[in-house]
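All remarks here apply to the structure that follows.
The values are calculated or read from the model by the stated rules, or taken from the named source; none is laboratory data. Since the model is a prediction, treat every value here as computed from it, not as a measurement. Cβ coordinates were reconstructed from backbone atoms using ideal geometry, including for glycine residues, and neighbour counts include every protein chain displayed. What goes into the accessible areas is simple: the full protein's heavy atoms, side chains included, and nothing from ligands, DNA or RNA. Shrake-Rupley method; radii C 1.70, N 1.55, O 1.52, S 1.80 Å.
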Amino acid sequence: MTGTPARTLLLWCPDWPVLAAEIVDGVPATGPVAVLHANRVVACSERARAEGVRRGLRKREAQGRCPQLTVVDYDPGRDARAFEPVVAAVEELVAGVEVVRPGACAVAARGPSRYLGGEEAAAERIIEHVAQSCLVESQVGIADGVFAAGLAARSGRVVPPGGTPEFLAGLPVEALGRSALADLLRRLGVRSLGDFAALPAGDVLARFGFDGALAHRLAAGRDHRPLAVRQPPADLTVTAEQDEPIDRVDVAAFVARALAEQLHERLAGHGLACTRLGIEAVTEHGQELHRVWRHDGLLTAAAIADRVRWQLDGWLSGSSGRTGARPARPTAGIIRLRLIPDGVIAQAGLQAGLWGETGEERERAHRALSRVQGILGPEAVVTAVLGGGRSPADQVRLVPWGDERLPTRPGPAPLPGEPTARPGPGPLPGGPIARPGPAPLPGEPIASGGGRAVSAGRPADHSAGGVPPWPGRLPAPAPAVVLPSPLAATVHDAAGEAVVISARLAVSAPPARLVVGTGRPAEIVGWVGPWPVDERWWAPAEARRRARFQVCLADGTALLLAVEAGQWLVEAIYD
């Protein structure tokens, strides 16, 4: 292939995995942050680099150089999602954008340079527009070919036409992005792209193979790969402007029906169906309202209209500022209503069941609960999501009905010999309650009733699906009631003295009586423990050390107690 590579403009966002973690997960990119993949640093923030953190370092070495380092797992999906608004902002100025990778996109420089007043003016305009639209800093490089433009973007250079080979000649061979090839070339005495480009093409192909020959062409500035222009996503959003503000539910229901049918027709025209619907409204006073509805199936036109009507009913029928379950009512009528298909799939992506529609009972329940949310707000109906943690309160998270039910932390794997299903309800885990006995020292096995032994220093077990159990977690079954705020209590021995736990987990005397708050004393007929937990000991401000007990009272009540900083607390109640 002959000829000069096409002039290419490439926009590059430095440290994009770090910025994506800030955009999606709220990790502050201004602090020392490192993104890790396979236990090695793949990206880090500017402050982390100032502390000596570099790409390719192992996690322990990076944390040794910067003890305050915040570690984030590499997530290419997160990077791609966060980069989509940046690409959309570039497409507002130029057409034919190729996403090279999350954090970098390229366009042909000829078009924007002609109607934006030259290549440098086009680069400045695109950088400014991305900064204003997405609050993201970026750099632009312009050169002959995508490869050279990407390297020019690192320094924000505009390489003049025909000057790409000279620009590349002085760069090190590591710029090729092929670590194995770069290492071999350096051992052979080839240290720059100019030295590599000077080698005969036939010898390079015979010695380094096809990939080496391709790298040789790039080093010589002969990058003739055409841009893989992406098709911009269709704008599926529908909007209704109202001349008269809407402040009545019946009028809102009429508008919702027409707008829902318009959205459904637009989706059907693209062969799509909606699974997650965003509803936005703007009042006459400029107040913005937003709510996202999720659905397990496909949202039909009627289902979309119902959810829009429920949400408008909830907004317009809200409270007048008084405290209560309902959210506050807008101060003025609605003048703009917008429906955004936040989640779409191919219309054939979900099918009905073999014997008809699937989950009809579930659909009726979903409609009823969604109706309550529309009136009282999304937090009025919540569902529990199980996850990882050591205490019962940590293992359950409440999420609004219809939201994605994802645990904040991975759940535990079963311990060796523990059934995956929880056993039936009983007074305490492990069968009969252990009678009072001496407490073990740290490192000795701690008996859980008459069942298995759990050691505070037991190594993690990976035998169940690769997810290690949480050290220090309570065995099954879980308590029936977890108190939102633990209740203060006191525990006495048979002589009436307060029971205390030493630093070596030694119990001063067998517990005999329990007093919760200002209540009457209750006799303890059985107990088991302690289970020590020492969390976040490496962060003094967040450190927490406690020991947990399970006790059974004379009236048959079973409780989960904890001792923290010398104070007894009632955390949960068993059936």
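Some notes on this structure:
- Ranked order, Ser317, Ser138, Ser133 - accessible area, probe 1.4 Å, largest first: Ser133, Ser317, Ser138
- Summary value for region 485-575: 26 percent relative contact order, contacts being C-alpha pairs under 8 angstrom separated by 6+ residues.
- With the largest listed first and rounded to whole Å, the semi-axes of the equivalent ellipsoid of region 129-201 from the Cα gyration tensor are 29, 15, 8.
- Rolling a 1.4 Å probe over the protein heavy atoms of region 531-575, with every protein chain left in place, gives an accessible area that is 54 percent carbon and sulfur.
- For trypsin sites (Lys or Arg not before Pro), the sites in region 490-565 that DSSP calls loop and that have at most 10 other Cβ atoms within 10 Å are Arg504.
- Residue-wise HN-Hα coupling along region 24-33, computed from phi with Karplus coefficients 6.51, -1.76, 1.60 (Hz; x: Gly, Pro): 8, 9, x, 6, x, 6, 6, x, x, 10
- Counting protein heavy atoms only, region 221-305 has 50 percent of its accessible area on carbon and sulfur, 1.4 angstrom probe.
- Alpha-carbon centroids, region 1-70 and region 141-167: separation in whole Å: 22
- Here region 170-209 has 57 percent of its accessible surface on carbon and sulfur atoms, given a 1.4 Å probe and all protein chains in place.
- Oblate is the label for region 139-178. Its Cα gyration tensor axes, ordered a ≥ b ≥ c, give a/c of at least 1.5 and b/c at or above a/b.
- Equivalent ellipsoid dimensions for region 480-575 as semi-axes, Å, which come from the Cα gyration tensor, largest first: 22, 16, 12
- Once C-alpha pairs closer than 8 Å and six or more residues apart are averaged by separation and normalised to the residue number of region 1-72, the relative contact order reads 26 percent.
- A 1.4 Å probe run over the protein chains yields, for region 57-176, 49 Å² of accessible area per residue, whole-number rounding.
- The residues Arg390, Arg157, Arg186, sorted by heavy-atom accessible surface at 1.4 Å with ligands and nucleic acids left out, run Arg157, Arg186, Arg390 from largest to smallest.
- Dipole check for region 67-221: with +1 at the C-beta of Lys and Arg, -1 at the C-beta of Asp and Glu, and the Cα centre as origin, the magnitude is about 440 Debye.
- Trp531 exposes around 10 Å² of accessible area when a 1.4 Å probe is run over every protein chain in place.
- Binned Cα-Cα distances of region 156-235, short to long, each 10 Å bin given as a whole percent: 17, 46, 23, 10, 4, 0
- Using a probe of 1.4 Å on the protein chains alone, the accessible area found for Arg225 is around 110 Å².
- Rounded, prolate or oblate (a/c below 1.5 giving rounded, otherwise prolate when a/b exceeds b/c) for region 45-126 by Cα gyration tensor: prolate
- Of the listed residues Glu564, Glu46, the order by accessible area with a 1.4 Å probe, largest first, is Glu46, Glu564.
- Area of Arg47 that stays accessible when all protein chains are in place (1.4 Å probe, Å², to 10): 130
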